[in-house]
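The values are calculated or read from the model by the stated rules, or taken from the named source; none is laboratory data. Keep in mind that this is a model prediction, so the values were computed, not measured. Ideal geometry is used to build each Cβ from the backbone, glycine not excepted, and the neighbour counts take in all protein chains shown. Please note that ligands, DNA and RNA were not included when accessible areas were found on the heavy atoms of the full protein model with its side chains. Shrake-Rupley method; radii C 1.70, N 1.55, O 1.52, S 1.80 Å.
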Amino acid sequence: MEKQVDFKPGLEGVIASETAISFLDVEQEEIVLRGYDLIELAEKKTYLDIVYLLLNQKLPTHEERLYLEEQLKKEYDIPEAITEIFKRLPKQTHPMDALRTGLSALAGFDPKLNDRSEEANLEKAFRLLAKIPNIVANSYHVLHDEKTYEPKQELSFSANFLYMITGKVPTELEETIFDQSLAVYSEHEMPNSTFTARVIASTLSDIYGALTGAVASLKGHLHGGANEAVMYMLLEAKTEDGFQKLLTEKLANKERIMGFGHRVYMKKMDPRAMLMKKALKKLSAEKNREDLFAMCELGENLMREEKGLYPNLDYYAAPVYYLLNIPIELYTPIFFASRTVGLGAHVIEQHSHNRLFRPRVNYTGPRKLHP
Ligand code: SDX
């Protein structure tokens with residue numbers, strides 16, 4: 001059988017969908033979100049402005065954004081039964097697995113689970129956006145036999161998310177930087193987890209199932225799990241010298257260095273990493289941890305010089321989260337919580353004009369055998 005010429009391992013460079021949601025314009029170094037530049041949005045607007053844009057296809061007025069925040073606050077609570085499930089999970093359960101479990105269990109409580117209309121899907125995406133920060137924060141506290149935190153209605157969406165994780169009301173700088181991290185994690189075209197969600201949605205399965213699959217995908221260290229791995233690497237290195245030695249060793253062993261490289265950006269720096277690097281510079285000065293910033297910059301320079309590789313968002317988001325006193329195991333769940341809005345927008349788009357994903361293969365096994 002002749003080898004089909006159009007096989008691309010890992011679907012590299014293959015166009016899998018048409019979408020009006022986002023596009024990585026590598027030439028222009030622009031992450032396009034419904035016509036806007038994500039970095040400009042992250043610098044001038046808030047995460048909830050981006051939520052409104054992704055789900056309603058336009059930026060909100062100030063009143064529309066306030067109304068969105070008020071509506072989200074009404075949906076923060078999660079069913080007691082979900083908390084009971086967390087109490088029964090083995091203590092060593094990873095927070096991404098707790099999130100996957102909690103998200104999946106939420107499906108049974110949604111009266112519109114099987115309604116795939118745009119209106120019902122928007123409502124479900126909204127409910128998930130409101131409840132997932134509560135699941136992320138409090139499943140962690142339950143698994144660690146710690147006090148759980150009721151959402152604080154008087155705080156903003158981002159400040160409340162950070163408060164439920166750390167138990168402390170964030171300072172203005174902490175809130176601004178955390179909100180900016182949610183903004184840059186919100187949507188990024190067709191990464192593995194978004195593709196997973198669209199593939200599941202294309203069978204007309206529901207949004208909860210699509211996002212449950214996306215959690216499993218995002219957990220992998222080649223994808224969302226990289227931010228957690230970056231922080232463990234920085235803590236292992238301890239100092240600039242230690243990091244220089246560790247990176248050199250890893251490269252000599254042909255290991256992948258977490259936080260570097262990107263299927264789409266290849267030989268360019270992820271624009272989101274540049275923004276988080278600026279945030280880390282500010283936060284590390286505020287927290288008297290300029291040593292951490294210097295270490296990260298050393299790693300960036302070494303990887304560029306030795307391997308021609310550049311940081312991706314996870315490389316600079318990890319130390320930012322560390323200085324915000326976020327437990328390392330929650331870095332990827334936070335990434336998912338932010339990306340809930342992008343995933344929701346993609347499931348809505350997939351359901352609104354669907355075509356079942358069913359690719360073919362190049363068969364390399366034997367033929368015409370007989371038992
Ligand atoms: C995210 O897709 C998205 O948009 C994802 C994301 C999003 O917002 O959703 O941006 C979030 O997942 C960011 C990526 C986080 N992952 C990591 O930081 C893990 C480390 N990175 C690598 O595993 C890798 O760079 C990938 C997985 C991100 C991309 O890998 P590719 O496109 O499959 O590239 P490749 O494996 O073919 O590597 C090409 C070459 C290889 O050299 P050779 O073997 O050909 O000599 O580059 C080397 C690789 O060895 N290389 C690395 C490297 N990444 C690539 N070498 C060392 N360390 C690395 N990190």
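Numbers for the structure displayed
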item	result
Fully extended contour minus Cα-Cα distance, from residue 239 to residue 66, at 0.36 nm per residue	57.9 nm
Those trypsin sites (Lys or Arg not before Pro) in segment 271-371 that DSSP places in a loop and that have at most 12 other beta carbons within 10 Å	355, 360, 367, 368
Relative contact order [Cα under 8 Å, 6+ residues apart], the chain, whole percent	23 percent
Förster radius 56 Å - calculated FRET efficiency between residue 370 and residue 306 (Cβ-Cβ, nearest 0.05)	0.55
Point-charge dipole on Cβ atoms (K/R +1, D/E -1) for segment 226-323, about Cα centre, debye to 20	400 debye
Radius 9 Å from Cβ of residue 14, net charge of other residues (Lys, Arg +1; Asp, Glu -1)	-1
Per residue, in Å², the accessible surface of the chain once ligands and nucleic acids are set aside, probe 1.4 Å	48 Å²
Sum of side-chain charges, residue 117 neighbourhood, beta-carbon under 14 Å (Lys, Arg +1; Asp, Glu -1)	-4
Separation between Cα centres of segment 99-158 and segment 30-78, rounded to whole Å	18 Å
Set of aspartates and glutamates with alpha-carbon distance to residue 287 below 16 Å, sequence-local pairs under 8 removed	172, 174, 175
Per-pair calculated FRET efficiency, R0 = 30 Å: residue 58 and residue 274 via Cβ, rounded to 0.05	0.65
Segment 90-226, dipole about Cα centre (Lys/Arg Cβ +1, Asp/Glu Cβ -1), debye to the nearest 20	460 debye
Directionally averaged projected area (convex hull, Cα atoms, the chain), nm²	21.9 nm²
Using θ = phi - 60° and Karplus 6.51 cos²θ - 1.76 cosθ + 1.60, couplings along segment 144-155 (whole Hz; Gly, Pro as x)	9, 6, 9, 4, 8, 10, 5, x, 9, 4, 7, 8
Within the chain, longest stretch clear of exposed chymotrypsin sites (Phe, Trp or Tyr not before Pro) (DSSP loop, no more than 16 other Cβ within 10 Å)	8-356
Computed [θ] at 222 nm, deg cm²/dmol, the chain (DSSP H ≥ 4; -39,500 (n - 2.57); rounded to nearest 500)	-18500 deg cm²/dmol
Dimensions in Å of segment 226-323 - Rg and Dmax from alpha carbons	12.3, 37
With DNA, RNA and ligands ignored, accessible area of residue 266 (1.4 Å probe; Å², nearest 10)	100 Å²
Estimated D of segment 1-115 in µm² per second, where Rh is the Kirkwood radius over Cα pairs and Stokes-Einstein applies at 20 °C, 1.002 mPa s	115 µm²/s
Point-charge dipole on Cβ atoms (K/R +1, D/E -1) for segment 26-90, about Cα centre, debye to 20	300 debye
Net +/- balance of residues flanking residue 185 in space, Cβ distance below 9 Å, scoring K and R +1, D and E -1	+1
Probe 1.4 Å, all protein chains present, accessible-area order of 15, 85, largest first	15, 85
Among 333, 366, 233 the positive-end extreme of the charge dipole of the chain (Cβ point charges)	366
